[in-house]
Amino acid sequence: MRRFALIAIPYVWLLALFLVPFVIVLKISLSDIALAIPPYTPTFSWDDGVWAFLKQLDFENFTWLAQDALYWKAYLSSLKIALISTALTLIVGYPIAYAMARAPEEWRPTLMMLIILPFWTSFLIRVYAWMGILSQEGFLNQFLLWTGLIGEPLTILNTSTAVYIGIVYTYMPFMILPIYSALERLDGSLIEAAEDLGCSRAQAFWLVTIPLSKNGIIAGSFLVFIPALGEFVIPSLLGGSDTLMIGKVLWEEFFSNRDWPVASAVAVILLLILVVPIVLFQRNQQKQQEAEQ
Amino acid sequence: MNRLSWFNTVSLTLGFAFLYIPMIILIIFSFNESKLVTVWAGFSTKWYGELINNEAFLNAAWVTLKVAVFSSTIATVLGTMAAYVLVRGGRFLGRTLFSGMIYAPLVMPEVITGLSLLLLFIGIGLDRGVLTIVLAHTTFSMCYVSVVVSSRLVTFDRSLEEAALDLGCSPAQAFRLVTLPIIAPAVISGWLLAFTLSLDDLVIASFTSGPSATTLPIKIFSAVRLGVSPEINALSTIMIAIVTIGVITASLVTKQSRVRAQRDEQAAARAQ
């Protein structure tokens, strides 16, 4: 009896507040927009019967999404932004993780804490901090003008460049930590062996270090790519009107246009796009766990 | 071998500069006299003063704190139960679905979670306010708690529990007297994680809150959309200070307890 309650309480909670809401999103994505409260039709009622209700649903919203270039562009540019910023995070994060793993042992806990600390600080504030740096009269432009590198201020805020910077900055700990934990376990004598056998330092790095930290690289890349794809705060604060990201489109469809069926359809497709990387990620994690055992 | 090459030193320096300079600038300019955030006009704490007198911010902070305390506490109870079920529950009907529902919210885009919960609340006719935000935050943060606690439960030596049962404890007593004290650090860090996630959340709260309940992130977001403001800098500085003190205290406490545990072990070894 006690075991039953232990299983049932969290189970029912998640069913009611996680699974059922998705079924509702799916249902509304198949409904039509209506000038009513709530603004969609049909609404379910037991009087008409389940079948009559199901017959009223259609794929109109999805056809509409497929025909409207805005949504295609938004999906493609989210994918592009997520991919490029994942690559940039890897390029910036790897040397940091590498240096942390090479640092004297007594420094490492402090370095770890310095990487984790920003993660505990508000995401919103970390994105906001860049607004003052990247704006026309911001600190970066002031600095570059002062050094004489540029003659007039650059426009960075409200462009895709600012979005890349924002994503790299906020998601960096997710990239560094898995790579660091892979590199920390790396046996230094393997690199020495490679060098003894005639590898140059660079060759040893490419042939030994990189392959042995592959799992960390893969895990870190997924941890950045998956949330970056549905990101809303960064494009809406740092991006411009031409930075299309699907999370922002969904938000505007819902809050500005009040088109709930289309917003739901956007959500369903975003989820379908995410299923592939999520499944790949889980597979990779599982493989890694099995390899460790 | 343990000396850093110049390349490593440079990457560490640049990396940490990149991570910390934006926040340091933010903190410095919260003490700026001028309303213009990018021009230094002398030291002043006037923005902190304005913040204390800004009733809208104070109300939002109070709502946020209430939501965070309630949601993280409920999430810790539910998440610990879920972790226990996943690690110790054995087989039961729908176990795969259950573990799927624990892991899915971790990777779900916030816009989708927020939208779906809002549609549920409207569907069942629940008025949006503090209650709906608490329900929403509890749902996603219990999954984080459950991941943290189950990773501790996996490495837990089960024979300790069995010994308690053999010595006459009821299963509930064994849990309270043996299991809970051992997994307590994981439960506490789960609670802290849930608490910060709730404090920090903008997207899900925006979908599930009503006009009667505005949280601090919602308030900050609508203010910064109009541009950088010194008042928000002051607020950010306070929040950064609280987090920094909290994290440093927590790490010192864990370090101390680890040292104590080591000393106890050594003493026990000597006694033998």
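Can you tell me how the range A:69-292 classifies by the Cα gyration tensor, rounded, prolate or oblate, using a/c under 1.5 as the rounded cut? Note, shape of the range A:69-292 comes out oblate. Each of residue A:200 and residue B:59 was given a label point 7 Å from its Cα along the Cα-to-Cβ line. The distance between the two points is 6.8 nm. Using the Cβ-Cβ distance between residue B:73 and residue A:212 with R0 set to 60 Å, the FRET efficiency works out to roughly 0.90.
Evaluating 6.51 cos²θ - 1.76 cosθ + 1.60 at θ = phi - 60° for every residue in the range A:85-91, the Karplus couplings come out as 6, 5, 4, 5, 4, 5, 5 Hz, glycine and proline recorded as x.
Using the Cβ-Cβ distance between residue B:163 and residue B:188 with R0 = 22 Å, the FRET efficiency computed as 1/(1 + (r/R0)^6) comes to roughly 0.35.
Would the protein assembly as shown count as rounded, prolate or oblate if I go by the C-alpha gyration tensor, calling it rounded below 1.5 in a/c and otherwise prolate when a/b exceeds b/c, oblate otherwise?
Values: a/c = 1.42, a/b = 1.06, b/c = 1.34.
Rounded, because the longest to shortest axis ratio a/c is under 1.5.
When the pairs A:80/A:214; A:80/A:248; A:248/B:219 are compared against a 20 Å limit on Cα-Cα distance, A:80/A:214 fall above it. Between residue B:4 and residue A:59, the simple label model (points 7 Å from Cα in the Cβ direction) yields a spacing of 5.6 nm.
Per-residue ellipticity at 222 nm, computed for the protein assembly as shown from helices alone with -39500 (n - 2.57) per DSSP H run of at least four residues, works out to -24000 deg cm²/dmol.
Qualifying trypsin sites (Lys or Arg not before Pro) in the range B:165-238, where qualification requires a DSSP coil assignment and no more than 12 other C-beta atoms within 10 Å, comprise B:225.
Given a 1.4 Å probe and no ligands, DNA or RNA in the count, how much accessible surface is buried by B and A, both sides, to the nearest 100 Å²?
Numbers: alone 17390 and 18370 Å², together 28460 Å².
In total, chains B and A hide about 7300 Å² from solvent.
Of the residues in the range A:103-137, those shielded by at least 40 Å² of accessible area once partner protein chains are present, compared with the chain alone at a 1.4 Å probe, are A:113, A:114, A:117, A:118, A:120, A:121, A:124, A:125, A:128, A:129, A:131. 3J(HN,Hα) along the range A:276-292, derived from phi through the Karplus expression 6.51 cos²θ - 1.76 cosθ + 1.60 where θ = phi - 60°, amounts to 4, x, 5, 5, 4, 4, 4, 4, 4, 4, 5, 4, 5, 4, 5, 5, 6 Hz, with x in place of Gly and Pro. Placing a pseudo-label 7 Å from each Cα along the Cα-to-Cβ vector at residue B:251 and residue A:9 gives an inter-label distance of 3.5 nm.
Note on the range B:1-57 and the range A:86-129: Cα centroid distance 17 Å, given to the nearest whole angstrom. Shape verdict for chain B, please, from the Cα gyration tensor: rounded (a/c under 1.5), prolate (a/b greater than b/c) or oblate. Verdict is oblate for chain B. Distances between placed amide hydrogens fall under 5 Å for residue B:129 paired with B:210, all partners being 5 or more residues away or on another chain.
Report in % the part of the accessible area of the range B:58-217 that belongs to carbon and sulfur, leaving out ligands and nucleic acids; probe 1.4 Å. Working shown, then result.
On the way: 4470 of 6630 Å².
Of all accessible area on the range B:58-217, carbon and sulfur atoms account for 67 percent.
Computed from backbone phi, the HN-Hα couplings of the range A:119-127 come to 4, 7, 7, 3, 4, 4, 5, 5, 6 Hz, rounded to whole numbers (Karplus: 6.51 cos²θ - 1.76 cosθ + 1.60, θ = phi - 60°; Gly and Pro given as x). With respect to chain B, whose longest principal axis is taken over its alpha-carbon atoms, helix B:55-88 is tilted by about 20°. Taking amide H as placed 1.01 Å from N in the peptide plane, the amide H of residue A:40 sits under 5 Å from that of A:34, each at least 5 places away or on another chain.
Solvent exposure of the protein assembly as shown, expressed per residue, is 50 Å² of accessible area, with all protein chains present and a 1.4 angstrom probe.
The values are calculated or read from the model by the stated rules, or taken from the named source; none is laboratory data. As the structure is a computational prediction, the values presented were derived from the model and not from experiment. Ideal geometry is used to build each Cβ from the backbone, glycine not excepted, and the neighbour counts take in all protein chains shown. Accessible surface areas use protein heavy atoms only, side chains included; no ligands, DNA or RNA. Shrake-Rupley method; radii C 1.70, N 1.55, O 1.52, S 1.80 Å.
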